[in-house]
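Colleague: Sharing a structure here in structure tokens format.
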Amino acid sequence: MTDRVRADFVVRGASELATCAGPAPARGAEQGRVAVLPRGAVAAREGKIVWVGPEDALAASVELVPGARRLDVEGRAVLPGLVDAHTHLVWGGDRADEFEKRLAGATYSEIAAAGGGILGTVKKTRAASLDELTASAGARMDRMARWGVTSFEVKSGYGLCAEAEYKMLEAARRAAATRPYALATTFLGAHTMPPEARGDAAARARYVDALCDEMIPHVAEAGLARFVDVFVDANAFGVEEARRVLDAGRRAGLGLKVHADQLASDGGAELAGEMGAVSAEHLEHASEAGLKALAAAGTVAVLLPAATLFLRMKEAAPARRMIELGVPVALSTDVNPGSCPCESLPVTMQLGCLLCGLTVDEAIVAATLNGAAAAGLAEVAGSVEVGKRCDLLVLDAAERRQLLYQFGAPRLFATVAAGHVLTA
Ligand code: NIG
Ligand code: FE
């Protein structure tokens with residue numbers, strides 16, 4: 001047989017292989033249809049998938065090169081490696097003190113308005129060295145990979161000055177460079193006003209100028225980030241300021257993201273739709289007009305229900321309405337030291353079902369194919385398809401729904417990242 005494809009790694013023995021194959025992002029009814037191959041197998045070469053099909057056809061289709069590795073998953077379910085499309089995983093220090101304040105009744109906004117919140121982490125992140133940030137971010141990625149994540153979007157936003165923002169982006173790049181994960185970085189210099197720019201309208205305007213005229217062009221030119229993001233919020237940026245930041249990002253060739261309508265309905269979703277953003281994120285308080293704007297623009301709604309829970313918010317994001325309107329929905333951890341220290345994307349997916357009302361298969365698509373679209377990684381990740389990275393999550397159970405059902409601590413057998421097997 002001469003036309004067999006050559007492979008150096010093969011995964012066999014799956015009870016079911018949820019490939020999630022299909023156009024990204026999936027929306028409407030498509031979001032709830034997971035493509036599944038019963039007893040499916042995967043072959044890869046140099047970390048990329050070269051063949052996917054029923055195991056019965058493996059021998060006739062794939063030639064293993066000498067020394068090829070085989071992973072027999074012995075009747076377990078296999079899914080794509082998960083994509084965490086919204087993380088703030090580079091930071092210094094922690095904010096356990098705020099957690100206790102919030103349990104005692106203070107709100108996230110009250111703590112931020114009093115100079116705590118994000119600014120507390122800015123102080124510690126500015127003080128941390130590049131090496132320290134690289135080490136802690138890398139360790140965090142490794143722990144998250146044990147929960148099945150193989151692709152990360154990582155935002156800056158705890159520097160709030162050129163030097164510290166670039167340091168954060170470089171730390172993310174270095175942490176991923178020595179590991180088998182896919183990475184997309186986002187410049188979030190517009191996370192909140194830096195301490196130096198507070199209480200003075202002129203200083204505030206100068207910071208927005210510096211973002212638009214200095215930092216965004218530099219970040220794009222130096223290849224430090226592929227997206228720009230802005231937090232539209234009473235304690236962060238207004239819609240007009242955010243429009244300027246996004247416009248500067250667009251002119252610099254960056255994709256656009258918006259932290260939108262997290263704590264109140266501030267017009268963030270409307271702005272994301274108007275600007276043709278790749279994603280709008282959070283959205284607990286998005287208005288009907290905002291959701292329609294996202295649907296019209298094809299913007300992915302990245303929902304972060306672990307943050308909703310951790311901030312003890314009453315309303316979760318209106319995921320059912322989003323799906324009805326054809327807004328593609330993704331689920332991500334939002335891992336960060338303040339509003340969500342949760343490192344588990346599977347637990348976040350469970351909360352996507354329990355708090356937002358997604359079905360099991362909608363949640364799976366949200367954390368794979370649609371997360372990849374939101375992170376700009378759909379060409380390389382998010383489904384088990386020829387040409388993509390060989391990223392897999394092997395569940396320690398025979399059916400994929402167990403990933404959502406085993407609340408709090410689903411059992412994973414292994415994560416495969418670019419063909420490297422990490423045992424859970
Ligand atoms: O996505 N919403 C704004 N930013 C983060 C929180 C960051 C922090 O509290 O440190 C979020 O929830
Ligand atoms: Fe966030």
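The values are calculated or read from the model by the stated rules, or taken from the named source; none is laboratory data. Source: prediction; values computed, not measured. All Cβ positions, glycine included, derive from the backbone under ideal geometry; neighbour counts span all protein chains shown. The protein model used for the area step is the full one, side chains on, heavy atoms only, and it has no ligands, DNA or RNA in it. Shrake-Rupley method; radii C 1.70, N 1.55, O 1.52, S 1.80 Å.
Colleague: Please list log₁₀ I(q)/I(0) at q = 0.07, 0.10, 0.13 Å⁻¹ for the chain, using the Debye equation with identical point scatterers on the alpha-carbon positions.
Modeller: -0.31, -0.64, -1.05
Colleague: Counting only protein heavy atoms, what percent of the accessible surface of the chain is carbon or sulfur at a 1.4 Å probe?
Modeller: Details: 8170 of 15530 Å².
On the chain, the fraction of accessible area on carbon and sulfur atoms equals 53 percent.
Colleague: GLU46 to LEU130: extension gain in nm, 0.36 nm per residue of separation minus the Cα-Cα distance?
Modeller: Length gained between GLU46 and LEU130: 27.2 nm.
Colleague: Name the residues whose placed amide hydrogens come within less than 5 Å of the amide hydrogen of ALA417, ignoring near sequence neighbours (fewer than 5 apart) on the same chain.
Modeller: The answer is LEU392, LEU422.
Colleague: What list of ³J(HN,Hα) values in whole Hz, one per residue of the stretch 231-243 in order, does the Karplus curve 6.51 cos²θ - 1.76 cosθ + 1.60 (θ = phi - 60°) give from phi, with Gly and Pro shown as x?
Modeller: Couplings: 8, 8, 6, 4, 9, 10, 10, x, 4, 5, 4, 5, 4 Hz.
Colleague: Lys pairs in the chain, Cα-Cα under 19 Å, at least 8 apart or on separate chains: how many?
Modeller: 9
Colleague: Need one value: the accessible area of LYS167 in square angstrom, 1.4 angstrom probe, rounded to the nearest 10.
Modeller: Estimated to the nearest 10 Å², LYS167 gives 40 Å².
Colleague: What's the angle, to the nearest 10 degrees (0 to 90), between helix 288-297's Cα axis and the longest principal axis of the chain?
Modeller: Result, in degrees: 50.
Colleague: Can you compute the helix-only [θ] at 222 nm over the chain? Use -39500 (n - 2.57) per DSSP H run of at least 4 residues, normalise by all residues, nearest 500 deg cm²/dmol. Numbers along the way, then the final one.
Modeller: Numbers: 17 runs with 145 residues, N = 424.
About -9500 deg cm²/dmol.
Colleague: If you don't mind, there's one more thing I want to ask. Considering amide H positions built from the backbone, and no H for Pro or chain starts, which residues 5 or more places from ARG45, or on another chain, come under 5 Å of its amide H?
Modeller: Here ASP8, VAL50 satisfy the definition.
Colleague: Right, next: What does the extension gain come out to for ARG146 and LYS314, with contour length at 0.36 nm per residue minus their alpha carbon separation?
Modeller: Stretched fully, the ARG146-LYS314 segment lengthens by 57.4 nm.
Colleague: What full-extension length gain, to one decimal in nm, is calculated for ASP200 and ARG69 as 0.36 nm per residue of separation minus the Cα-Cα distance?
Modeller: This chain segment gains 41.0 nm when fully extended.
Colleague: Modelling each spin label as a point 7 Å along the Cα-to-Cβ direction, I'd like the LEU354/GLU240 distance in nm, to one decimal.
Modeller: 4.4 nm
Colleague: Same structure, new question: Using only the heavy atoms of the protein chains and a 1.4 Å probe, how would GLU214, GLU270 rank by accessible area, largest first?
Modeller: GLU214, GLU270
Colleague: Using the Cα centre of the chain as origin and beta-carbon charges of +1 (Lys, Arg) and -1 (Asp, Glu), tell me which of ALA139, HIS86, GLY75 is placed farthest towards the positive end of the dipole.
Modeller: So the residue furthest toward the plus end is GLY75.
Colleague: Classify the stretch 340-424 as rounded, prolate or oblate, taking a ≥ b ≥ c as the square roots of the eigenvalues of its Cα gyration tensor: rounded when a/c is under 1.5, otherwise prolate if a/b is larger than b/c and oblate if not. Present the calculation step by step, with values, prior to reporting the outcome.
Modeller: Values: a/c = 1.75, a/b = 1.24, b/c = 1.41.
Because a/c hits 1.5 or more and a/b fails to exceed b/c, the stretch 340-424 counts as oblate.
Colleague: Going by the alpha-carbon gyration tensor, a ≥ b ≥ c the square roots of its eigenvalues, is the stretch 240-362 rounded (a/c under 1.5) or, if a/c is not under 1.5, prolate (a/b greater than b/c) versus oblate?
Modeller: prolate
Colleague: For the stretch 391-403, just list the computed ³J(HN,Hα) in residue order, Karplus coefficients 6.51, -1.76 and 1.60, θ = phi - 60°, integers in Hz, with x standing in for Gly and Pro.
Modeller: 10, 9, 10, 9, 7, 8, 6, 8, 9, 5, 5, 4, 4
Colleague: Roughly what percent of Cα-Cα pairs across the stretch 63-193 reach past 22 Å?
Modeller: That tail contains 48 percent of the Cα-Cα pairs.
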